[in-house]
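Data block below; observations after.
The values are calculated or read from the model by the stated rules, or taken from the named source; none is laboratory data. All of these numbers come straight from a predicted model, not from anything done at the bench. As a convention, Cβ positions derive from the backbone with ideal geometry for all residues, glycine included, and neighbour counts pool all protein chains shown.
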Amino acid sequence: MDTPARLLRLLVLFSSRASWSAAELTARLEIDARTIRRDVTRLRDLGYPIESTTGPYGGYALGPGGRLPPLLLDDDEAVAVSVALGEISRAADPTLGEAAVSALTKLVQVLPSALRQRVATLGEMTVGLGRPAPVLDGAGGNAATDMGTLMALASACREEQRMRFDYRTGDDVASRRHAEPHRLVSLKRRWYLVAFDLDRADWRTFRVDRITGPVLTGAPSEPRQAPDAAALVAMGVAVRVYDVQARIRLHIDPAGAVREISPTIGVLEPAEHDATSMVAVIGGDADWIARYLVGLPFRFEVIEPDEVRTEVRRLAHRMLRQHPAPTMVK
């Protein structure tokens, strides 16, 4: 193994574990301890903060600080980082968004062509909803999303191919599904597939972490009028939790409504005017929706239903009674 390859291999080892003894490194790299010391010195000269300790439990570790070293990513990690940067570039504030675009451009430029195609496929077939940077490794208590499954679904969406896959619902009911994948949607820490379910003859959403064994059937998808993938997922997530839906006109422009209304609470409709927005707000009951609405920092009108309009009026009257206008003293 030549010196550059050995240094890269040494960096990979340092990145994979908190610390390594000299004996472990010599065994892994099949070199002597003297060469290890020389290689560590070379890495330090290049700006890598390699720390060393002596004694029976001594060894080497990649410490914090110093110049930012190149990241050593495997294929799945490179795809995950690329998708996260793409989401941030679309959803974040301008400064952070520009930095994300710059970082993504640099990353894509150095990817092998096959991996670059995977990144492009997943990015083109994914719709971001809510917070950016979807997590792929099961962090935060969520089930892990298999990258192979995710890429297979993205490819089926792009190629417009029918698929069969096993699916397990939240009630732990297993079934074999035959579907036409349309788009992937990332919502907070989960991925969803929007597809036309051929067995049920309707559009459905599927949690990707509950999908296993996806297989292309070789048959092309039929031309269909596809729904708004993000709206379908947002509505599906909300409907599973809440019972009451209200249609509200917001006196704020559509861009402002996107910033203020969480997609898990309200689904925005196509804009009627530049100065107002329509949204379907979903809650457990009319009182909850009314309380949510009065907390908004702009004017609104309840279009339907009457029970929500009544609760808003009741809440407004109660607030006025509790906070009467001050009495003028003559």
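Descriptive notes on the structure:
- Summed over the range 44-68, the residues that are at pLDDT 80 or above and basic (Lys, Arg) give a count of 1.
- Hits in the range 254-264 (condition: surrounded by fewer than 18 Cβ atoms within 10 Å (Cβ to Cβ) and without any contact (Cβ under 8 Å) to a residue 40 or more places away in the chain): Ala255, Val258, Arg259, Glu260
- Scanning the range 282-330 for residues that are more than 22 Å from Gln245 (Cβ to Cβ) and surrounded by 14 or more Cβ atoms within 10 Å (Cβ to Cβ) turns up nothing.
- Condition check for Asp228: at pLDDT below 85 and acidic (Asp, Glu): yes
- Residue within the range 277-289 that is at pLDDT below 90, outside the structural domain of Gly170 (by TED's automatic domain parsing) and in contact with a His (Cβ under 8 Å, 6 or more places away or on another chain) present: no
- Meets criteria (among the acidic types (Asp, Glu), surrounded by 16 or more Cβ atoms within 10 Å (Cβ to Cβ) and more than 28 Å from the chain's Cα centre (by Cα)) for Asp274: no
- Filtered residues of the range 22-63 (kept if under 13 Å from Leu10 (Cα atoms), over 40 Å from the mean Cα position of the chain (by Cα) and of a type in the set (Asp, Glu)): Glu30
- Restricting the range 1-38 to residues that are assigned to a helix (DSSP H, G or I), at pLDDT below 90 and among the charged types (D, E, K, R), the residue that is farthest from Leu73 (Cα to Cα) is Arg28.
- Residue satisfying all of: in the range 1-11; of a type outside the set (Lys, Arg) and surrounded by 11 or more Cβ atoms within 10 Å (Cβ to Cβ); nearest to the chain's Cα centre (by Cα) among these: Leu11
- Residue, modelled with the lowest pLDDT, within the range 75-94, restricted to residues that are acidic (Asp, Glu) and under 14 Å from Val108 (Cα atoms): Glu77
- Extreme residue, farthest from the chain's Cα centre (by Cα), among residues of the range 135-172 that are among the aliphatic types (A, V, I, L, M) and either modelled with pLDDT under 90 or assigned to a strand (DSSP E or B) (or both): Met163
- Residue in the range 194-217 that is out of contact with any strand residue (DSSP E or B) (no Cβ under 9 Å at 6 or more places or on another chain), touching a residue at least 12 places away in the same chain (Cβ under 8 Å) and of a type in the set (D, E, K, R) present: no
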